[in-house]
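Let me begin by presenting the structure, written as C-alpha cells, before commenting on it.
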Amino acid sequence: MGIDINRVRKDFPILGRDINGKPIIYFDNACQTLRPTQVINKINEYYNEYPACVGRSNHKLGERAAKEVSEARKRVSKFFNVKESEIIFTRNTTEGINLISHAFKLNGGESVLISDKEHNSNLIPWLMLRKKRINVKFFRFGDLEDFQDKIDSTVKLVSTAHVSNMDGTSQQIEKIAKISHDHNAFVLVDAAQSAPHKQIDLKKLGADAVSCSGHKMLGPSGTGILYLSEKSMGNMDLFMTGGETVVNSTYDDVVFEKMPHRYEAGLQNYAGIIGLGEAVEYLKKIGMNNIESHERKLNEIITKGLESEIGKGIQLLGDAKPESRSGIFSFNLSGMTYHEVSLLLDKTSNIMIRSGQHCVHSWFNANKIDGSARASLYLYNTEEEAKTFVESVKKLSSFGK
Ligand code: PLP
C-alpha cells in the first residue's frame, strides 16, 4: 500500500518550517527522529491530566498514570510480539546494554563475543568487564564464517548490532542466535538501528535480549526498551536496586519484584514511556514493511543519483547496493572533511546530516579512516528531498575538486 507521504508529513509540523527560505531536510534520523504531533500530545496529556506516580499512589491521578503506563507496555510488547513482562523501560539502548553487562552472570576466564563494528555503547560496557578477567573477543561484522570460527566454549555471551549505524549494513541475527545457542551462549542484540526501520518479531529473531532507543523511533528523548526473555532470568543478577524493585524489605533482607519491575528502579520517565507507547502505535499504523521499502527507495535514488561519482570524488562506506544499507548513506568527499560536508549541506541547502565517527571510533581507528558524513532517512523523508540531497552533494563534490 505504501506510505501516504503528504498525509504523514502533516503530523510533523517542523517539516513545514523554512529556514532562509528553504524547507528543512532532516536526514539525521539515526541519531534521533522527529516526533509526530500525536506523540507530543500524549506527553502533554500526562503533564496536563495525570502527572502522578505509578505503583505508589492509589488516588485517581495515580491510577490513571498507572493505566497509561501499563497500556504503553502492552503496545510495545505487541509491537515486538513478546510478553508484557519481558519489556523493561530504559533511558536508551546504552542503558539496556549496561543492564545486561552488569546483570548477566559471568566468571573470570569466560568470554564475550562482539563484532568489530559496534557502537561505543555496545563496546565499552564489555571492555569494562576485562577488569573482572572476562575476555572480549571480536568477529567481523556480517561475516558468519568468521563468527563461527570465533565462537568457542569460553563464549557465554554474544552481543552485536542488527544494523550498523555507521554504514547501514546488517547481520543475519536469526543465524547468529542459532549458532550461539548451539554453543549455550546468551544473545543480546543492539537493535538501535533496526527496530525503528523494519518489522521485528522478537520471537522469530531468537535473541535472549534486545535493546533499542525510543528517540530513534518517533518516541521522546531519553526513552528506551529492553526486551529480556523470561527464560533468561536464571542467569541474571540485579542491576540498579531501590524503590519499585522490591516487594518487601527488612533491615536485613529483601524480596525482589518479578520482571519487569525488578529492573525499573526508582520513579520512571512516565511521560516518556507513555509517549513511546504512542510512537509504536503510530509506527504500527504506518506499517514497518512500508517504512523499510520507503527508505530503500530513497536510498536507491541517492545511490543511483551519485553513482557516477562513487569511487571517484565520493567514497561510499558499506556495500555498494543501496538495499544492503537500510536507510543510511555514509560517505566522504575528496578535498573536504566530513564536518565541512555536513556544515555546507546545512548552510547551503538546510540538509541536516551527521558527521564524525558516529561513536564507532574503534572501527574507524582500525580501518585508518578519519570519519564520514552520514545521511540517514526515515518515513517522512521524500523523493524530492533525496533528489535535492543528490544535487547538493554533486555541487559540493565539484567544489572539492
Ligand atoms: N547502538 C547503535 C547501533 C546506535 O546507533 C546508537 C546510537 O546512535 C546506540 C547504540 C546508542 O543509542 P543511545 O544513545 O540512544 O543509547
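The values are calculated or read from the model by the stated rules, or taken from the named source; none is laboratory data. Since this is a predicted model, take the numbers as computed values, not measurements. Here the Cβ positions follow ideal geometry from the backbone for every residue, glycine too, while neighbour counts run over all protein chains shown. When the accessible area is computed, the model is the full protein with side chains, heavy atoms only, and any ligands, DNA or RNA have been set aside. Shrake-Rupley method; radii C 1.70, N 1.55, O 1.52, S 1.80 Å.
Solvent-accessible area of region 179-314 (1.4 angstrom probe, protein heavy atoms only): carbon and sulfur portion equals 49 percent. Pull out a ≥ b ≥ c, the square roots of the eigenvalues of the alpha-carbon gyration tensor of region 3-144, then state rounded if a/c is under 1.5, prolate if not and a/b is larger than b/c, and oblate in the remaining case. Because a/c hits 1.5 or more and a/b fails to exceed b/c, region 3-144 counts as oblate.
Put a plus charge on the Cβ of each Lys and Arg, a minus charge on the Cβ of each Asp and Glu, and nothing anywhere else: the dipole of region 1-80 about its Cα centre is then about 200 debye. Taking a ≥ b ≥ c as the square roots of the eigenvalues of the Cα gyration tensor, region 93-194 is classed as oblate, since a/c reaches at least 1.5 and a/b does not exceed b/c. In terms of the mean number of neighbouring beta-carbon atoms within 10 Å, the peptides 342-355, 8-21 order highest first as 342-355, 8-21. Given +1 at the Cβ of Lys and Arg, -1 at the Cβ of Asp and Glu and no other charges, the dipole of the chain around its Cα centre is 320 debye to the nearest 20. Listed by chain and number, the lysines whose alpha-carbon sits under 19 Å from that of LYS395, ignoring those within fewer than 8 places in the same chain, are LYS22, LYS304, LYS312, LYS347, LYS387. Expressed as an acute angle from 0 to 90° and rounded to the nearest 10, what is the orientation of the C-alpha long axis of helix 173-182 relative to the principal long axis of the chain? That works out to roughly 40 degrees. Remark on ALA161: its backbone amide H falls under 5 Å from those of SER115, ASP190, a criterion applied only to residues 5 or more positions apart or on other chains, H modelled at 1.01 Å from N. For region 329-401, the percent of C-alpha pairs falling in each 5 Å distance bin, counted from 0 to the bin holding the largest distance, reads 3, 16, 26, 25, 15, 10, 4, 0.
A DSSP coil position with no more than 11 other Cβ atoms inside 10 Å describes the following trypsin sites (Lys or Arg not before Pro) in region 210-315: LYS258, LYS312.
How many angstrom lie between the C-alpha centres of region 125-195 and region 42-95? Cα centroid of region 125-195 versus Cα centroid of region 42-95: 31 Å apart.
Restricting the calculation to alpha carbons of region 257-297 gives Rg and Dmax of 15.3, 46 angstrom. For region 136-143, putting each phi into the Karplus relation 6.51 cos²θ - 1.76 cosθ + 1.60 with θ = phi - 60° gives couplings of 10, 10, 10, 10, 6, 3, x, 10 Hz, in residue order, rounded to whole numbers and with x for Gly and Pro.
The alpha carbon gyration tensor of region 271-401 gives principal lengths a ≥ b ≥ c with a/c of 1.5 or higher and a/b greater than b/c, which makes the shape prolate. For region 242-258, the Karplus equation 6.51 cos²θ - 1.76 cosθ + 1.60, evaluated at θ = phi - 60°, returns couplings of x, x, 6, 8, 10, 8, 7, 8, 10, 5, 10, 9, 9, 10, 7, 5, 7 Hz by residue, with Gly and Pro reported as x. Of the solvent-accessible surface of region 1-92, computed with a 1.4 Å probe and all protein chains present, 49% belongs to carbon and sulfur. Once C-alpha pairs closer than 8 Å and six or more residues apart are averaged by separation and normalised to the residue number of the chain, the relative contact order reads 22 percent.
Once the Cα atoms are used to define both axes, helix 37-49 deviates from the longest principal axis of the chain by about 40 degrees. Heavy-atom accessible surface of the chain, averaged per residue, reaches 45 Å², computed with a 1.4 Å probe.
Taken over region 50-112, the alpha-carbon convex hull comes to 123 cubic angstrom per residue. The translational diffusion coefficient of region 215-310, from Stokes-Einstein at 20 °C and 1.002 mPa s with a Kirkwood hydrodynamic radius over alpha carbon pairs, comes to 125 µm²/s. Expressed as a fraction of 2.2 N^0.38 Å, the value expected for a compact globular protein of N residues, the C-alpha radius of gyration of the chain is 1.02.
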